[in-house]
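The values are calculated or read from the model by the stated rules, or taken from the named source; none is laboratory data. For clarity, every value in this text was computed on a predicted model and none was experimentally measured. Positions of Cβ are generated from backbone atoms using ideal geometry, with glycine treated the same way; all protein chains shown enter the neighbour counts.
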Amino acid sequence: MFSVIEKKKREKNFFKRLIPAHSSLERVDLGNAEYFLRVSVSASRGRVRWDEVRALLGKGVGRVLCADGLVLPENSGLKPLNPRAFSRALTVNSAVKFIEATAVNSRECSLTYYDPCAAGRDLLKKFYDLCSVIKVVTDRPNYYEAEVFRAMQDKGLAIMVSTDLSSAFDSVFAVCPEPPDKPVSFCANTAVIASCEKNLFTSKLFSAQTVRIPPSVRSIMPQGVSSKDFLGALYEYAGCDYLGDSVSPTLKYRNLYLNYFEAADKFTIDR
């Protein structure tokens, strides 16, 4: 369960705007006993009655998404939600589709998986049938021990694990399931697939920044809330596991948003 705070539509009637407005609460059921709470707030003279919001949410104060323009005060008792598992899955799924679109032979396909915190280790298996060489760069190599064993046991694939990025500079592809927290550079010939452009310095960066909202979600989509964050909250905290198969409809390359065949052409031409 999580909570969403959105702004009420501005009252058109001038006299009604003079009447102090209260926040309203709605429980949105998702099936299988899952739900989220939606609070609509009105800002009186630019101020939100956060004490009222906190009282309405009850136990829902610990995971809160806010619409654009709303910022949770530090002393409000409300904790912002920063879903990340969905973004990791979206990035990896998009990387898989991109690699398939390039039609690089698996025997010639090498991959660097840059995952300093080892948060994306459960997604690495999606590349086993695409790449003959996989190198994991992480600050937590022990977290990957089980995955290395499983890859060898199930696929006969030997995965290299290192803390040194320079050991993986010759890869055809590189995937960053999470944005790096420090500047990172890759080989000029490596196609890098990431969730955004933050801290990444490479000439061949393809970022999975866009999302496709499923029809089942459109009717409950809150106003002004990031689509990616909302889908992430549904995936991580509301049991919507099917969203873990999501793929970004486009990849951003420099200033262009390309479909996968266009992105593959860019990679092939610039290679």
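Condition first: outside any strand (DSSP E or B), within 20 Å of ASP164 (Cα to Cα) and either not hydroxyl-bearing (Ser, Thr, Tyr) or not assigned by TED's automatic domain parsing to the domain that holds ALA158 (or both). Now tell me which residues in segment 103-138 satisfy that. ASP115, PRO116, CYS117, ALA118, ALA119, GLY120, ARG121, LEU124, listed by residue number.
Tallying residues that are over 20 Å from SER106 (Cα atoms) and acidic (Asp, Glu) within segment 148-178 yields 2. Looking for something out of contact with any strand residue (DSSP E or B) (no Cβ under 6 Å at 6 or more places or on another chain), among the aromatic types (Phe, Trp, Tyr) and either surrounded by 14 or more Cβ atoms within 10 Å (Cβ to Cβ) or at pLDDT below 90 (or both) - is there at least one such residue anywhere in segment 30-41? No: zero hits. Taking the criterion of being surrounded by fewer than 17 Cβ atoms within 10 Å (Cβ to Cβ), without any contact (Cβ under 8 Å) to a residue 60 or more places away in the chain and of a type outside the set (Ser, Thr, Tyr), the residues of segment 224-257 that qualify are ASP241, PRO249, ARG254, ASN255, LEU256.
When CYS117, CYS176 are screened for being surrounded by fewer than 17 Cβ atoms within 10 Å (Cβ to Cβ) and in contact (Cβ under 8 Å) with a residue 12 or more places away in the chain, only CYS117 passes.
In the condition set (1) in contact with a Ser or Thr (Cβ under 7 Å, 6 or more places away or on another chain); (2) more than 25 Å from THR268 (Cα to Cα), ALA85 is compliant with all but (1).
Got at least one residue in segment 144-159 being touching a residue at least 60 places away in the same chain (Cβ under 8 Å), in contact with a Leu (Cβ under 9 Å, 6 or more places away or on another chain) and crowded, with 20+ Cβ neighbours inside 10 Å?
Applying the first criterion (touching a residue at least 60 places away in the same chain (Cβ under 8 Å)) to segment 144-159 yields none.
Taking every residue of segment 144-159 in turn, none turns out to be touching a residue at least 60 places away in the same chain (Cβ under 8 Å), in contact with a Leu (Cβ under 9 Å, 6 or more places away or on another chain) and crowded, with 20+ Cβ neighbours inside 10 Å.
Taking the numbered list (1) touching a strand residue (DSSP E or B) at 6+ places or on another chain (Cβ under 8 Å); (2) in the same structural domain as SER227 (by TED's automatic domain parsing) in turn, ASN75 passes all entries but (1). Being in a helix (DSSP H, G or I) and on the phi > 0 side of the Ramachandran plot, is that true of even one residue in segment 54-63? Checking segment 54-63: at least one residue is in a helix (DSSP H, G or I) and on the phi > 0 side of the Ramachandran plot.
Confirm whether ALA191 is aliphatic (A, V, I, L, M), in contact (Cβ under 8 Å) with a residue 24 or more places away in the chain, assigned by TED's automatic domain parsing to the domain that holds THR102 and closer than 21 Å to VAL133 by Cα.
Working: aliphatic (A, V, I, L, M): yes; in contact (Cβ under 8 Å) with a residue 24 or more places away in the chain: yes; assigned by TED's automatic domain parsing to the domain that holds THR102: yes; closer than 21 Å to VAL133 by Cα: yes.
Considered against the rule, which asks whether it is aliphatic (A, V, I, L, M), in contact (Cβ under 8 Å) with a residue 24 or more places away in the chain, assigned by TED's automatic domain parsing to the domain that holds THR102 and closer than 21 Å to VAL133 by Cα, ALA191 comes out as yes.
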